[in-house]
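Just so you know, all these numbers are worked out from the coordinates, no wet-lab data involved. It should be emphasised that the depicted structure is a prediction, and the values quoted were computed from it without experimental measurement. Please note: Cβ atoms are built from the backbone with ideal geometry, for glycine as well, and neighbour counts cover all protein chains shown.
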Amino acid sequence: MNEVINASPMKYFSFVTVFFCLQLVAACQSETPPAPAPVPVAVPKNPASIGTVGDTADVRVTTQSGYVLMGGGTDVDEAMRWMIDRAKGGDVVVIRASGSTGYNQYLYDFQNVNSVETLLINSKELANNPRVAARIRQAEMLFIAGGDQANYINFWKDTAVEDALNYLISTKKVPIGGTSAGCAILGELLFDAQNGTVTSEEALRNPFDPKITFTQSDFLQIGLLKNLITDMHYDQRSRQGRHVAFLGRLFKERNQLPRGIGVDEKTAVCISETGKTVVVGSGKAYFLEAANTKPEICEPNKPLTWDAANQAVTVYELTDALNDELTMPDFKNVRGGKRWRWYVLNGELKQVAF
């Protein structure tokens, strides 16, 4: 007993230390091990998306409707700014059936947009994909790139993409524009190029040339462009003659007075929700309105004759230079510009100023 009582303090301290260390180890072994860190779940990429710049989070703002018909070639900055201002800081979606993401950074650099995303929709399968259609519905501005309008009709018509586009037009009321082939599909009537393109000479020589095919009334439903057919690269590819041939044949087949808008390259027509219409860019835009007289000769394999006392088609030629304008959809309140009568005799287009 005396040996225990008289043990050195160092020996006693070592015993206590070992005892408590053993107790600590036992306690640690009895604790539940920590749960592993959660593994991030990747959000699947939209199957049609080929690139995005800006904030990928969706924003919701109230937009201002409007339409841009761009004639192809170099894009018109002023027209793009006009649409972006109406998008009110929302998301821009570009759709196309070929090509790449060239519009993404270009449009994002205008600023005052949340994001710009390009969707490459080059099949019926993609056009019916619900995630592709849902992304279009989220857009506060939509732009249709150039390409081949036959692909746009073949891939997008009668699909979820068509429904989404008409939702943007009629319900959400966002600014929508298109260039070249993207402009071609905005009118209610459109030359769909299913059998390739056609020249003015070919169309005037035979307005029923097999290459002249139309899609009518049941694709995009833009009220301000009702009963209207567009054409692009106008002066650069001498498309005045074929445009008149289109109007003559449509008039004969539909028994309705058709209208047309032709747009030069590097030029755009901006149409507000009220119908006020201006031209921006370096070229001209032509507004064609058929007289209430059908073509005298509009038959297969015969040259077109559409005279109507030299007044078959009234044409308003507007430019950006003098702030020319008119009101859609009836081409009223024309201010500035030049006025022409176009008519066709035995397949030859003629014009007279008035």
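For CYS183, CYS270, which order do you get if you count the other beta carbons within 10 Å of each Cβ and list the fewest first?
Going from least to most buried by this count: CYS270, CYS183.
Starting from the Kirkwood radius over alpha-carbon pairs of the chain, derive D by Stokes-Einstein at 37 °C in a medium of 0.692 mPa s and give it in µm² s⁻¹.
In µm²/s, the coefficient rounds to 143.
Which length gain, in nm to one decimal place, applies between GLN311 and GLU289 when the Cα-Cα distance is subtracted from 0.36 nm times their residue separation?
6.9 nm
Any chance you could give the angle, 0 to 90 degrees and rounded to 10, that helix 9-30 forms with the longest Cα principal axis of the chain?
Taking the Cα atoms of the chain, the angle to 9-30 is about 30 degrees.
Using 1/(1 + (r/R0)^6) with R0 = 41 angstrom and r between the beta carbons of ASP85 and GLN351, what's the FRET efficiency to the nearest 0.05?
0.65
Within region 50-86, list the residues whose amide N lies under 14 Å from a label point set 7 Å along Cα→Cβ of TYR106.
Flagged as within label range: 70-81.
Mind checking which of CYS270, PHE214, GLY336 is farthest towards the positive end of region 187-354's charge dipole, using Cβ charges of +1 (Lys, Arg) and -1 (Asp, Glu) about the Cα centre?
Working it through, the farthest residue towards the positive pole turns out to be GLY336.
Based on Cβ point charges of +1 for Lys and Arg and -1 for Asp and Glu, what charge dipole magnitude is obtained for region 69-132 about its Cα centre, in debye rounded to the nearest 20?
So the magnitude is around 260 debye.
Name the long-range amide H neighbours of ASN227: under 5 Å, sequence gap of 5 or more, or other chain; modelled H, no Pro or chain starts.
Answer set, sorted by chain and number: GLU188, LEU189.
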